[in-house]
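The values are calculated or read from the model by the stated rules, or taken from the named source; none is laboratory data. The structure presented is a predicted model; accordingly, all values stated were derived computationally and were not measured. Methodologically, a virtual Cβ is constructed for each residue, glycine included, from the backbone with ideal geometry; neighbour enumeration extends over all protein chains shown. When the accessible area is computed, the model is the full protein with side chains, heavy atoms only, and any ligands, DNA or RNA have been set aside. Shrake-Rupley method; radii C 1.70, N 1.55, O 1.52, S 1.80 Å.
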Amino acid sequence: MAVTIKDIAKYAGVSVTTVSRALNGYPDVSEETRERIKKIAEQLNYTPNSIARGLVTNKTHTVGLVVSELIKPGAYHPFFLEVLAGIKAGLRKDKYDLILFTVDPESQDATSYEKLCNDRKVEGAIVEGLRLSDPYIKEIEKTQIPTVLIDIPILTDKVGYVSSDNVQAAFEATSYLIKLGHRNIGFINGHGDAAVSFERLEGYKKALEKNNIPYKEEYVVFNDFTQEGGYNSFKTLVFEHPKITAVFHASDLMAIGSFKAAKDLGMKVPDDISIVGFDDIELASLITPGLTTIRQDTFKMGYNAAKHLLSIIKGEKPQHILIPHKLVIRDSARKI
């Protein structure tokens, strides 16, 4: 049978309440008594019940990961797995467990953010993949639950966020194409309900402006960050605007979709069209030609999100944490 605090109390000659308060760090127990109880607990191989302890201390050593539409067909993205690995690594040292919550707009309407977190007794949550129009966005702006968002710019007394510098990254990617001599540069962006889409569009525009290239709204297409979205958008863009010599993409998956579309149209990358992506997923270095792209350190993004959440739980001030990015030059763009 498992050892309980009643067994420890019997061996120590103290009350069950004293054992509980000693093991949970309450200051009204003398150090001598606390150390004696801890020693007995160790000798008896006592393992505390984390759920029961959480009910007493209001600390469950558990945080949530709220992800939107993860189970939607085609929603898989390598970005998520790298972020998840980083989150797990960030929680490991502090021995926090992680509960995954998958949500969509309908479930957000049915169960509030507060209820979702409180029902599962999490001390805080990391949130990824919400659309700006999702119900949880308004709730998170007002929440008192420690929260860290990934790529969603909300900053309050309990909410921080982690992101790359999307504006600067898009500026660098577009500037690289301009440096290669391109002036008719298309942009296949993500959907219009994501903060990163607006930030990357801003960076694209800034690069054009700095180089005295007129911004053409018709050169910009919004889609859904997927390979299929890139494929369809590329076909439309180059058919309607044959002067385009290069296309910047808001994700590598969309850029890879454009590779396929170019091939189907009888075009060669980069001979006929230059292509640049964003993310630097593993596939970017495996395709031929290798994809020039912006590298986001998604593992570090997850790791820092976890560490920042733990700091907010401890009472530290939320902040915006910027993760460094890098332009990775491969062979998918050429000089003209």
Original post:
In Å², what does the accessible area per residue of the stretch 5-48 work out to with a 1.4 Å probe?
Top reply: 68
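What does DSSP give for the chain in terms of the percent of beta bridges that are antiparallel, rounded to the nearest 5?
Among the beta bridges of the chain, antiparallel pairing accounts for roughly 10 percent.
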Original post:
Mind checking the alpha-carbon convex hull of the stretch 5-48 and giving the volume per residue in Å³?
Top reply: 59
Subject >> Reachable lysines, given that their alpha-carbon falls under 29 Å from the alpha-carbon of LYS142 and they are not under 8 places away in the same chain >> reply: LYS59, LYS72, LYS88, LYS95, LYS115, LYS121, LYS158, LYS300, LYS307, LYS314, LYS317
Subject >> FRET efficiency, 1/(1 + (r/R0)^6) with R0 30 Å, evaluated for THR17 and SER107 via beta carbons >> reply: 0.15
Subject >> Kirkwood Rh (inverse of mean 1/r, distinct Cα pairs), the stretch 228-336, angstrom >> reply: 15.3
Original post:
Helix 166-179: angle to the longest alpha-carbon principal axis of the chain, degrees 0 to 90, nearest 10?
Top reply: 30
Subject >> Percent carbon-and-sulfur accessible area, the chain, ignoring ligands, DNA and RNA, probe 1.4 Å >> reply: 52
Subject >> For the chain, fraction of C-alpha pairs farther apart than 39 Å, in % >> reply: 30
**OP:** Express the accessible area of the stretch 166-297 per residue in Å², computed with a 1.4 Å probe while the remaining protein chains stay in the model.
**Re:** 42
Original post:
Cα centroid distance between the stretch 290-316 and the stretch 204-273, in Å?
Top reply: 29
**OP:** Check the stretch 166-297 and count each lysine pair with an alpha-carbon distance under 24 angstrom, considering only pairs eight or more places apart or from different chains.
**Re:** 22
Subject >> C-alpha center-to-center spacing [the stretch 78-139, the stretch 168-195] in angstrom >> reply: 31
